[in-house]
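The values are calculated or read from the model by the stated rules, or taken from the named source; none is laboratory data. None of these values were measured; they are calculated from a predicted model. In case anyone asks, the SASA skips ligands and DNA or RNA and just uses the protein heavy atoms, side chains included. Shrake-Rupley method; radii C 1.70, N 1.55, O 1.52, S 1.80 Å.
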Amino acid sequence: MSPVRVAVLISGSGSNLQAIIDKIEKNEINGELVVVISNKENAYGLERAKNHNIEGLLIDSKTVDHHEYNRLILSAVKERNIELVVLAGYLRILDKEFIEAYKDRIINIHPSLIPSFCGKGFYGLKVHQSAVEYGVKISGATVHFVDEKADNGPIILQKAISLDFDDTAESLQRKILAVEHELLPEAVKLFCEKKLKVIGRKVSICK
Ligand code: GAR
């Protein structure tokens, strides 16, 4: 099987991007990371791409309208024959045209157990703050396919962690980020091995 051509979209630090790069470099994923696209100029993830000789592309969401911005990303991925789009801490919503063009080929990581603490406005520390304030005993990470609603598509993998009484939003974020760094590369690996099959709202993982 030839390596699957992957694009990773980021908005910030890119620690999840780094986790994917590391697994690809160790030949643990049958994928080629072709391009990293950021909507933010100062995203550290662009540096990470550069450090690993991966093309980094800035498509600044501030300078164009929503539709034009989506059109620019869509043509960037199509031009590079991308087969899988990974949202790794990417904080923009993709439009309908993009999602239809890459149906069941866009995956996202979210730092909670969906359907808790997710949807519009739930990103970064706010997710963990809400979980701590609610007093939940478990939270975790979810990797899912992307559909037209925020954090809504079929779930590929989830992993739970326990909260300690003294956990803060920051400590919970650190714990869950460590889980994300395992879960997201695992989902990418499964996709690249063609082991994921979407059946309605469910994802079957072939053995
Ligand atoms: C990660 O925790 C990711 O799950 C979250 O942003 C962080 C990005 O970290 N994404 C969302 O909240 C999306 N709703 P990273 O840039 O270090 O990978």
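Compute the accessible area per residue over region 123-207, keeping the other protein chains in place, probe 1.4 Å, unit Å².
Averaged over the residues of region 123-207, the accessible area is 56 Å².
Residue separation times 0.36 nm, minus the C-alpha to C-alpha distance between Ile205 and Asn53: what's the value?
Length difference between fully extended and current span is 51.5 nm.
How much length, in nm to one decimal, is gained on full extension between Phe165 and Glu100, taken as 0.36 nm per residue of separation minus their Cα-Cα distance?
The Phe165-Glu100 span can extend by a further 19.1 nm.
From the Cα gyration tensor of region 18-126, with a ≥ b ≥ c the square roots of its eigenvalues, which class applies: rounded if a/c is under 1.5, or else prolate if a/b is larger than b/c, or else oblate?
Judged from the Cα gyration tensor, region 18-126 comes out rounded (a/c under 1.5).
I'd like the orientation of helix 125-134 relative to the chain: the angle between its Cα long axis and the longest Cα principal axis, in ° from 0 to 90, rounded to 10.
30 degrees
How long is the gain from Ile138 to Asp60 if the chain were fully straight, where each residue apart is worth 0.36 nm and the alpha carbon distance is subtracted?
24.4 nm
For the chain, compute Rh as the Kirkwood radius over C-alpha pairs and then the Stokes-Einstein diffusion coefficient at 10 °C and 1.306 mPa s; write the answer in µm²/s, rounded to an integer. It would help to have the intermediate numbers written out before the result.
On the way: Rh = 17.2 Å.
For the chosen part, D equals 92 µm²/s.
Starting from 0 in steps of 5 Å, tell me what percent of the Cα-Cα pairs of region 99-154 lands in each bin.
Calculated over all Cα pairs of region 99-154, the distribution is 4, 20, 31, 20, 14, 7, 4, 1 percent.
Straight distance only, please: which aspartates and glutamates reach the Cα of Lys207 with their own Cα at less than 14 Å, same-chain residues fewer than 8 apart left out?
By straight Cα distance, Lys207 reaches Glu186, Glu193.
Would you compute, from DSSP H runs of 4+ residues alone, the mean residue ellipticity of the chain at 222 nm, taking -39500 (n - 2.57) per run and dividing by the full residue count, rounded to the nearest 500?
Details: 6 runs with 73 residues, N = 207.
Helices in the chain give a 222 nm mean residue ellipticity of -11000 deg cm²/dmol.
Percent of alpha carbon pairs in region 2-66 separated by more than 19 Å?
29 percent
Using only the Cα atoms of region 122-202, each taken as one equal point scatterer with no solvent, compute I(q) by the Debye sum, divide by I(0), and report log10 of the ratio at q = 0.11, 0.23, 0.24 Å⁻¹.
For region 122-202 at q = 0.11, 0.23, 0.24 Å⁻¹, log10 I(q)/I(0) is -0.34, -1.10, -1.15.
Determine the share of region 91-207's accessible area contributed by carbon and sulfur atoms, expressed in whole percent, with a 1.4 angstrom probe.
55 percent
Using a 1.4 angstrom probe, figure out how much accessible area region 1-45 has per residue, in square angstrom, rounded to the nearest whole. Can you show the working numbers first?
Values: 1870 Å² over 45 residues.
On a per-residue basis, 41 Å².
Could you give me the ³J(HN,Hα) list for region 155-166, computed from phi with Karplus coefficients 6.51, -1.76, 1.60 and θ = phi - 60°, whole Hz, x at Gly and Pro?
Ordered by residue, 3J(HN,Hα) equals 7, 8, 9, 9, 9, 9, 10, 8, 8, 8, 3, 8 Hz.
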